[in-house]
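See structure below.
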Amino acid sequence: MNSTVVAIPSTHPGGLESALGAHFGHCDVYTLVEVAEGKVQTVRTLPNVPHEQGGCMAPVNHLAQNGVQILIAGGMGMRPLMGFNQVGINVFYGGGLQTVGEAVEAFLQGSLQRFSSEFTCGGGGGGHPQMGARF
């Protein structure tokens with residue numbers, strides 16, 4: 001059974017019922033969900049890291065070092081998106097979803113789009129003005 005580790009930016013305390021974090025690099029915690037055969041296997045949380053050391057690449061490297069293969073996000077700048085591509089983490093756009101559980105379910109159903117440059121923002125927690133809700 002091959003499993004995949006999915007990270008979702010979350011508000012404290014994390015978990016499937018938590019609200020989505022406002023911006024991938026500035027979230028309280030990441031909820032890491034291991035999925036296999038279309039089902040959730042395990043759920044755990046991973047604290048975020050400060051941007052000061054390593055800029056916006058710090059959270060990218062932190063997630064890669066913790067085995068993340070998929071990130072579901074609603075907002076990020078172009079630089080971290082390129083960083084995720086470089087470290088082999090596939091990013092999916094989850095704007096408009098409210099909870100971590102909703103994001104995981106949408107991923108398992110295959111209804112999320114790949115995150116592309118059209119979804120990027122200026123970074124630093126700002127959002128693309130036409131994207132609506134972000135996390």
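The values are calculated or read from the model by the stated rules, or taken from the named source; none is laboratory data. Everything numeric here is computed off the predicted structure, so don't read it as measured data. Using ideal geometry, Cβ is built from the backbone for each residue, glycine included, and neighbour counts are taken over all protein chains shown.
Return the total of residues in the range 63-83 being modelled with pLDDT of 95 or more, under 11 Å from the mean Cα position of the chain (by Cα) and not in a loop (DSSP other than H, G, I, E, B).
4
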Only listed residue being surrounded by 18 or more Cβ atoms within 10 Å (Cβ to Cβ), in contact with a helix residue (DSSP H, G or I) (Cβ under 7 Å, 6 or more places away or on another chain) and either among the β-branched types (V, I, T) or modelled with pLDDT of 95 or more (or both), chosen from V60, V104: V60
Given (1) buried (at least 16 other Cβ atoms within 10 Å of the Cβ); (2) modelled with pLDDT under 95, index of the condition V33 fails: (2)
Some residue of the range 14-23 being at pLDDT 90 or above, in contact with a Phe, Trp or Tyr (Cβ under 7 Å, 6 or more places away or on another chain) and within 20 Å of R114 (Cβ to Cβ): yes
Some residue of the range 31-53 being in a helix (DSSP H, G or I), charged (D, E, K, R) and more than 27 Å from M1 (Cβ to Cβ): no
